[in-house]
Amino acid sequence: MAEVTSTPDRIPSTNSFVDGSISKHLLRLGSYMAMGSISLNVAQLAEAVYLGIVGTEALAAMGFAFPITITLFAFAGGIGSGASSVIARSVGAGDQERTIRLVTHAQVLAIVVGITLAVLGYQFANDIVTLLGAKDMVRTMSIDYLQVYMIGIPLFLLSIVGSTLLRATGSAASPGIIMTAGSVLQIILGPVLIFGWFGIAEMGIAGAAWAYVISRFVSVCLYCAMLVRARMVQWSFDQMRASWLAILHVGGPAIASGLIQPVSMLIVTRLLAGHGHEVVAGYNVASRVETMAHMILWSASSSAEPLIGQNWGARKFERVKEALRQVNRFCLTWGAFTFIFMVTFGEWLVSLIDDNQIVVDVAGAFFLVIPLTIGFMGIMQVANSSFNARGRPTPAFVLSLVRTLVFYIPLAILGDWLWGYLGIFIATAFTNVSLGIVAWYWNRVSVERESRILTSTA
């Protein structure tokens, strides 16, 4: 079939980030993204609350499933990051025909990868949770959750990629609004399916997974409708191989970087399992509470990516440097605020989910050690976004590799041996600070050097 003919008005100039106030662009992108990210995490916390009512075993089962869900997010985030990089630079360079083609082909790639992961995850869910150390009822519940969750993986990838595509083409509000709508639906459906309200059969932990699947389906429909309405989809697969190669040039290393984190989480979960399922549950709940704050940092770093990509493509390098300065300052400020909040209210929040004293004590130790350092983790994420946006995925991959294999895993094993689960938390904090500093310096030097080269060859 013939391609949709692109015209200059397909990507309105108001969606460009190459002019105007950088702080306003970052605020606009970041606020809507934060709204969506926070709503997503509120939904996850609500899920934890619902499963806390079911029992500590259900929370522990979700804790064993968490590293697997993070692994799947790595694929979604990697494809989204690769697509965002090439699309944003195409927008900045004014190549609208290529932009539309890339948007379509990125979605096809997400579907292919999503179906593959869903089949593999469903098939090996039993083996994975057993390897992590889940036993008896917790193991059975974790498998029940994961096998339903896998059904929604293609939808999950499409929703993440769809959100990224809209941001890359300059749409700030739509991704956040759609993500929020999906999260609200998940919160509403969760208790209905878990506890069997309104005549629906009680599903237990599987109901939580079904609520997630249904909410992702609705989100995907909304994302696709927005992209079609904006005429950012073409009904042709011409040059799809070239598009996939361009996306995977950045997305491949980004996926590899994302997969490194779940590997560390798999090992850490295994270490924590040696201290009992209550410790796993405490870590899981504390992580979900902390992730709420961490999502603000993720929103900040991710919102910078399309802005950096567009301005790099337009060769407006001073705007790139200023954007990085502003986002890095925000990460450190937010990290300090997070520490104060978590130390003050963290244990209370956890007790609302599960009042088991061991669970609360584990979470309290977590909040005393880790939150103060997440600002440095945010700086590392900003550096990764910068490298990816500029089409330089290798440094981001190296940083993730060094963080996990050189610092985090060895230190977590050592910390567990010396001080138990508290040692694992200390290892996390030390790693965050060390790699945050390294990432900031590397990115700063890289931007300065590459911008000078490109300016001299212009």
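The values are calculated or read from the model by the stated rules, or taken from the named source; none is laboratory data. As the structure is a computational prediction, the values presented were derived from the model and not from experiment. Note: ideal-geometry Cβ built from the backbone for every residue, glycine included; neighbour counts use all protein chains shown.
A few notes on this one:
- Once region 386-409 is narrowed to residues that are more than 14 Å from G252 (Cα to Cα) and among the polar types (S, T, N, Q), the residue that is surrounded by the most Cβ atoms within 10 Å (Cβ to Cβ) is S386.
- Meets criteria (more than 18 Å from A76 (Cα to Cα), under 14 Å from the mean Cα position of the chain (by Cα) and basic (K, R)) for R315: no
- Yes/no for T338 being in contact with a helix residue (DSSP H, G or I) (Cβ under 9 Å, 6 or more places away or on another chain) and surrounded by fewer than 17 Cβ atoms within 10 Å (Cβ to Cβ): no
- Check on W244, under 21 Å from R390 (Cα atoms) and in contact with a His (Cβ under 8 Å, 6 or more places away or on another chain): yes
- Any hit, region 281-290, residues being closer than 19 Å to P393 by Cα and buried (at least 20 other Cβ atoms within 10 Å of the Cβ): no
- Some residue of region 120-136 being of a type in the set (A, V, I, L, M, F, W, C), assigned to a helix (DSSP H, G or I) and at pLDDT 80 or above: yes
- Test: residue in region 56-73 that is out of contact with any Phe, Trp or Tyr (no Cβ under 6 Å at 6 or more places or on another chain), closer than 18 Å to P175 by Cα and modelled with pLDDT under 75: yes
- Residue within region 169-177 that is modelled with pLDDT of 80 or more and surrounded by 20 or more Cβ atoms within 10 Å (Cβ to Cβ) present: no
- Residue check, I22 crowded, with 18+ Cβ neighbours inside 10 Å, out of contact with any Leu (no Cβ under 6 Å at 6 or more places or on another chain), under 30 Å from V279 (Cβ atoms) and at pLDDT 75 or above: no
- Evaluated against (1) free of Cβ contacts under 8 Å to residues at least 60 places away in the same chain; (2) aliphatic (A, V, I, L, M); (3) over 19 Å from A323 (Cα atoms), L27 falls short on exactly one condition, (3).
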